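Shown next, in structure tokens, is the structure this report addresses.
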Amino acid sequence: MPYFPQGHKDFNELRHLILLYGDPAKPWTRGDLRYYVAHLDQKGEPDDWLFDSFLFLNVKAGTGRDYSADINIGSTMAGEGNFVAVCSPQPANKGDWEALVEFYLGEHGALRNLDAAIGECADKIGRPYGARRNVVLMLPYPHITQGSFGALSEGGGILDFSTKRHNLAKATEERLAAERWLVDEYVQRFTAQQFKHLDLLGVYWMFETIYRSWDVDDHWLLKELRKHIRARGLKFLWIPFWSSYNVHLLDDYQKYYFDLAFLQPNYMFYKQGKTIAAAAHAARQRNAGIEMEYYLELNEPIAVQSERHARFREYLNGGVTYGYMSDAVCAHFQGARALQRMHMHTDAREREFYEDICQFVTGTYRLKSEIEERGAEGIGRVALSVDLGGTNLRGALIDAEGTIHHRVSERTPSSKEEILRRLKSTLRGLVDEARRRGAHVHGIGVSTGGRVDFDAGVILDSTALLSDWQNIPLREILQLEFQLPVSVDNDGNCAALAELMLGEGRAASHFITLVLGTGIGGGVVVDGKLLRGARNAAAELGHISISHDGPECSCGNKGCVELYASGSALARQAKELVKSGAIRLDRNSDQDVSAEALADAARKGNAAAQQLIEQAGTSLGIAVAGLLNTFNPERIILSGSLIKLGDMYMRPFRETVKERSMAVARETAVIVVSDLSDPGLLGAASLVFSRGAVTSGSS
Ligand code: ADP
Ligand code: MG
Ligand code: ZN
């Protein structure tokens, strides 16, 4: 089953619901509410919309009497497992309920101020916010300790919620009557106010479990109350406490009492609590939303105070990893007005969380590792870096300065499943190595052949050099497996990024890098920025055709330079020569005929081999001459294993470029060999440390 989805039409497009706990001594002002309506900049000015839905709830009346019945009353908050719900010895009465209506819907009540705050922000932000903003109002618990609630109308009887003077059926009817009265009061007062920006979406059941016993019958009460609520076009919402004994109440909840329920992970409060993964799974199984839980401090003895930041980071990251940030309706518990106090908090980490929460609400938060939040401690931060090519699968631990600390390499397997398996095991090995060295793993960067949707972290397709390497949500797969931020990019782009930051590209604003391996990849940097194209598919430099009737390429074209000048091209042509008897290599089996073997033969004086390599260099030169004329770069930076062919390949290449490019372009461009040991791996690591920020000029 999916989560309860965001943007549901019947719920007026509800997405993110903020819980606003009210205090009668400190009514909600317009200024307070702005923090929830909009994201505020450094000066406190609204610059973007934030929550679309607002849940108002109060725990106590001004008289000190209780609206809520807390399932955690007693020592249970830290007691971890011994949960008892107790009705308040001082339950709120009719006067307190009226005060609640006034607090929300009075002339200077919370909703009036919310409506005004939205209007104010609309002027400043200058962009419409979509559907009207949703309001949900709490229904206090009708405590069975309340023997004298008051009369609903003048001359009416005094309601008694207890079973002291009448039976359970009568007591429950009177509890129901009080709730119905309140719902109607909310509707009438709300309608009369004629708010400009608000929609009354529904009411919220405060008590977090459902009881039925000799003296209490919440089941019947809720069943009848729901009919009343629905008849008024409202929704009934619930956010129950999650523990093993309570969670079954969420099973099929829509068939019983509630229209929408959010699951509380409670991971923020209990040491032995369940994981975020388990909470997300449980919510999905039940078509529920998820509650985000954050606080600055709570006046309860919470066992996990010291892990507050790390744990909340897991809630945020979970929204990406398990999809609830954008796929599920989310309720946001923030303790006592935490979000507004975080905005200008003296602790930079709280301010960062403010931004992170705002991004989460607008659906733009991206995974962050716990390390980053520790800031200064981050010495020894490393990226797990992988470079997947047609021949080699390489991995390394690389720090933020670009130093490679540990390297592994193996042959690229020949099936998609096997590649994925080896990719994961390479990464697992790197995780272990990082642990051995006491390094903090900052994230995973993958450089790979093929077209990559960089924003989504999806492999779109590739040529025959990586078989079946297409339609793979690689970021998602690796994030689930390793619980780390993952960036994926094309190997040519990665090489260009590495050159830009660490290599021959540092001194140039315009350069082209060519990665000469099994295939030919490339990256183009213009004005100091990587050229990505509309869908990150730019700079497929190996697929420039140099022969209109050349052999067919698996990219769809004919005569691509990759078919003449790459490692795989040399191997293919060498095989033909071996077959025809034109050359003899030391080892002649099909598998052994490679670019290396050809190079050996050429060095030993084999003329046919020399000629092949020379032609390869010439072919590359033809393509690069066109690139020079197109981009007028300052540098052409070459990397990849074919560099080892040396002059046999380079000389004809350089000569052809010179002969064939236009004078200005030729005079500007210097052809150099990269001085980086592994541009692909280094570029992938740079994605991790910069999160790709340097690569996309637009965002
Ligand atoms: P990948 O393509 O997997 O990213 P490389 O950049 O290492 O990996 O390139 C592999 C290609 O380079 C293969 O075609 C291989 O035969 C060729 N190659 C490797 N070493 C040499 C060498 N010393 N001389 C010539 N070609 C080589
Ligand atoms: Mg490569
Ligand atoms: Zn091609």
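The values are calculated or read from the model by the stated rules, or taken from the named source; none is laboratory data. Predicted model only: the values in this text are computed from it and were never measured. Please note: Cβ atoms are built from the backbone with ideal geometry, for glycine as well, and neighbour counts cover all protein chains shown. Note: accessible area is taken over every heavy atom of the protein model, side chains too, but ligands, DNA and RNA are not part of it. Shrake-Rupley method; radii C 1.70, N 1.55, O 1.52, S 1.80 Å.
If you scan the stretch 390-409, which residues turn out to be under 13 Å from ARG422 (Cβ atoms) and within 13 Å of ligand 1 (Cβ to nearest atom)? Show your work before the answer.
Going through the stretch 390-409, the residues under 13 Å from ARG422 (Cβ atoms) turn out to be 392-395, 408-409.
Listed by number, the residues that qualify are ASN392, LEU393, ARG394, GLY395, SER409.
Checking VAL525 against (1) open to solvent by 10 Å² or more (accessible area, probe 1.4 Å); (2) in contact with a Phe, Trp or Tyr (Cβ under 8 Å, 6 or more places away or on another chain), which test does it fail?
That leaves (1) as the condition not met.
When you check LEU514 against the structure, is it under 44 Å from the mean Cα position of the chain (by Cα) and within 16 Å of ligand 2 (Cβ to nearest atom), yes or no?
Numbers: under 44 Å from the mean Cα position of the chain (by Cα): yes; within 16 Å of ligand 2 (Cβ to nearest atom): yes.
So LEU514 fits the description; yes.
Considering only residues that are under 51 Å from the mean Cα position of the chain (by Cα) and not in a helix (DSSP H, G or I), which ones fall in the stretch 160-173?
Kept after step one, since they are under 51 Å from the mean Cα position of the chain (by Cα), are these residues of the stretch 160-173: 160-162, 168-169, 171-173.
Scanning the stretch 160-173 gives ASP160, PHE161, SER162.
Check whether at least one residue in the stretch 642-649 is over 41 Å from the mean Cα position of the chain (by Cα), in a helix (DSSP H, G or I) and of a type in the set (Phe, Trp, Tyr), and report yes or no.
Yes: the stretch 642-649 contains one or more residues that are over 41 Å from the mean Cα position of the chain (by Cα), in a helix (DSSP H, G or I) and of a type in the set (Phe, Trp, Tyr).
Looking only at the stretch 540-548, decide whether some residue is in a loop (DSSP other than H, G, I, E, B), away from ligand 1 (no atom under 16 Å from the Cβ), open to solvent by 40 Å² or more (accessible area, probe 1.4 Å) and free of Cβ contacts under 8 Å to residues at least 24 places away in the same chain. Walk me through it before giving the result.
Residues of the stretch 540-548 in a loop (DSSP other than H, G, I, E, B): 540, 544, 546-548.
When the remaining residues are screened for being away from ligand 1 (no atom under 16 Å from the Cβ), the result is 544, 546-548.
Keeping just the survivors that are open to solvent by 40 Å² or more (accessible area, probe 1.4 Å) gives 544, 546, 548.
The next check asks that each one be free of Cβ contacts under 8 Å to residues at least 24 places away in the same chain; those that pass are 548.
Scanning the stretch 540-548 turns up at least one residue that is in a loop (DSSP other than H, G, I, E, B), away from ligand 1 (no atom under 16 Å from the Cβ), open to solvent by 40 Å² or more (accessible area, probe 1.4 Å) and free of Cβ contacts under 8 Å to residues at least 24 places away in the same chain.
Select from the stretch 2-46 the residues that are exposed (fewer than 14 other Cβ atoms within 10 Å of the Cβ) and either in contact with a Gly (Cβ under 8 Å, 6 or more places away or on another chain) or outside any strand (DSSP E or B) (or both) and list them in ascending order.
The answer is PRO2, LYS9, ASP10, ALA25, THR29, GLY31, ASP41, GLN42, LYS43, GLY44, GLU45.
Step by step: first the residues of the stretch 458-473, then only those that are outside any strand (DSSP E or B) and crowded, with 21+ Cβ neighbours inside 10 Å, then the one that is nearest to ligand 1 (Cβ to nearest atom). Which residue is that?
LEU465
For the structure I just gave you, tell me whether GLY533 is away from ligand 1 (no atom under 15 Å from the Cβ), out of contact with any His (no Cβ under 6 Å at 6 or more places or on another chain), open to solvent by less than 20 Å² (accessible area, probe 1.4 Å) and not in a helix (DSSP H, G or I).
In short, no.
Please verify whether the stretch 516-523 includes one or more residues that are out of contact with any Pro (no Cβ under 6 Å at 6 or more places or on another chain) and part of a helix (DSSP H, G or I). Quick ask: steps written out before the conclusion?
Restricting attention to the stretch 516-523, the residues satisfying the condition of being out of contact with any Pro (no Cβ under 6 Å at 6 or more places or on another chain) are 516-523.
The next check asks that each one be part of a helix (DSSP H, G or I); those that pass are none.
Taking every residue of the stretch 516-523 in turn, none turns out to be out of contact with any Pro (no Cβ under 6 Å at 6 or more places or on another chain) and part of a helix (DSSP H, G or I).
Among the residues of the stretch 211-232, write down those that are touching a residue at least 40 places away in the same chain (Cβ under 8 Å), more than 39 Å from the chain's Cα centre (by Cα) and in a loop (DSSP other than H, G, I, E, B).
As a first pass, look at the stretch 211-232 and keep what is touching a residue at least 40 places away in the same chain (Cβ under 8 Å): 211, 214-217, 220-221, 224-225, 228-229, 232.
If we keep only those that are more than 39 Å from the chain's Cα centre (by Cα) too, we end up with 214-217, 220-221, 224, 228.
Within the stretch 211-232, TRP214, ASP215, VAL216 meet the criteria.
Name every residue in the stretch 370-391 that is away from ligand 2 (no atom under 16 Å from the Cβ) and modelled with pLDDT of 85 or more, in order of residue number.
Of the stretch 370-391, the ones away from ligand 2 (no atom under 16 Å from the Cβ) are 370-384.
Matches in the stretch 370-391: VAL382, ALA383, LEU384.
Return the residue satisfying two criteria in turn: it lies in the stretch 554-582 and is farther than 25 Å from ILE636 by Cα and under 38 Å from the mean Cα position of the chain (by Cα), and of such residues it is nearest to ligand 1 (Cβ to nearest atom).
Per the stated criteria, the residue is SER554.
Of the numbered conditions (1) within 30 Å of VAL561 (Cα to Cα); (2) open to solvent by less than 10 Å² (accessible area, probe 1.4 Å), ILE444 fails exactly one; give the number of that condition.
It fails just one condition, (1).
Any idea which of (1) under 21 Å from PHE360 (Cβ atoms); (2) modelled with pLDDT of 95 or more is the one GLY44 doesn't satisfy?
If we test GLY44 against (1) under 21 Å from PHE360 (Cβ atoms); (2) modelled with pLDDT of 95 or more, just (2) comes out false.
Picking from TYR267, TYR253, which residue would you name as being of a type in the set (Ser, Thr, Tyr), touching a Ser or Thr at 6+ places or on another chain (Cβ under 9 Å) and surrounded by 14 or more Cβ atoms within 10 Å (Cβ to Cβ)? Walk me through it before giving the result.
Working: TYR253 fails: touching a Ser or Thr at 6+ places or on another chain (Cβ under 9 Å).
Just one listed residue meets the conditions, TYR267.
Hey, any hits in the stretch 489-511 for a residue that's surrounded by 24 or more Cβ atoms within 10 Å (Cβ to Cβ), in a strand (DSSP E or B) and either among the small types (Gly, Ala, Ser) or without any contact (Cβ under 8 Å) to a residue 60 or more places away in the chain (or both)?
Yes; the residues of the stretch 489-511 include at least one that is surrounded by 24 or more Cβ atoms within 10 Å (Cβ to Cβ), in a strand (DSSP E or B) and either among the small types (Gly, Ala, Ser) or without any contact (Cβ under 8 Å) to a residue 60 or more places away in the chain (or both).
Looking only at residues that are crowded, with 20+ Cβ neighbours inside 10 Å and of a type in the set (A, V, I, L, M, F, W, C) in the stretch 572-582, which one is nearest to ligand 2 (Cβ to nearest atom)?
The extreme case among them is ALA574.
Please tell me if GLY528 is within 15 Å of ligand 1 (Cβ to nearest atom), small (Gly, Ala, Ser), more than 27 Å from the chain's Cα centre (by Cα) and farther than 23 Å from ILE444 by Cβ.
When the stated conditions are applied, GLY528 does not pass them.
Quick one: which residue in ALA508, ALA539 is of a type outside the set (S, T, N, Q) and on the phi > 0 side of the Ramachandran plot?
Answer to the check: ALA539.
When you check VAL486 against the structure, is it modelled with pLDDT of 95 or more and either open to solvent by less than 40 Å² (accessible area, probe 1.4 Å) or within 27 Å of LEU570 (Cβ to Cβ) (or both), yes or no?
Judged against the criteria, VAL486 is not a match.
Across the stretch 380-389, what is the total count of residues that are open to solvent by 30 Å² or more (accessible area, probe 1.4 Å) and either in a strand (DSSP E or B) or within 7 Å of ligand 1 (Cβ to nearest atom) (or both)?
Initially, the stretch 380-389 is screened for residues open to solvent by 30 Å² or more (accessible area, probe 1.4 Å), giving 380-381.
Then keep just the ones that are either in a strand (DSSP E or B) or within 7 Å of ligand 1 (Cβ to nearest atom) (or both); that gives 381.
Count: 1.
A quick yes/no check of all residues on (1) at pLDDT 95 or above; (2) closer than 19 Å to LEU17 by Cα; (3) touching a Ser or Thr at 6+ places or on another chain (Cβ under 9 Å):
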{"residue": "TRP181", "(1), (2), (3)": "yes, no, yes"}
{"residue": "GLY202", "(1), (2), (3)": "yes, yes, no"}
{"residue": "TRP214", "(1), (2), (3)": "no, no, yes"}
{"residue": "HIS228", "(1), (2), (3)": "yes, no, no"}
{"residue": "SER244", "(1), (2), (3)": "no, no, no"}
{"residue": "LYS271", "(1), (2), (3)": "no, no, no"}
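Looking at THR513, THR448 in this structure, which one is touching a strand residue (DSSP E or B) at 6+ places or on another chain (Cβ under 6 Å), more than 25 Å from ALA669 (Cβ to Cβ) and at pLDDT 95 or above?
So the residue among THR513, THR448 that is touching a strand residue (DSSP E or B) at 6+ places or on another chain (Cβ under 6 Å), more than 25 Å from ALA669 (Cβ to Cβ) and at pLDDT 95 or above is THR448.
If you go through the stretch 597-642 one residue at a time, how many are more than 16 Å from ligand 3 (Cβ to nearest atom) and open to solvent by 40 Å² or more (accessible area, probe 1.4 Å)?
Counting residues in the stretch 597-642 that are more than 16 Å from ligand 3 (Cβ to nearest atom) and open to solvent by 40 Å² or more (accessible area, probe 1.4 Å) gives 17.
Quick one: in the stretch 549-567, which of the residues that are surrounded by fewer than 21 Cβ atoms within 10 Å (Cβ to Cβ) and among the small types (Gly, Ala, Ser) is modelled with the highest pLDDT? Step through it out loud before you land on a result.
Taking the stretch 549-567 first, the residues surrounded by fewer than 21 Cβ atoms within 10 Å (Cβ to Cβ) are 549-559.
Narrowing further to those that are among the small types (Gly, Ala, Ser): 550, 554, 556, 559.
Values: GLY550: 94, SER554: 92, GLY556: 94, GLY559: 97.
Here the answer is GLY559.
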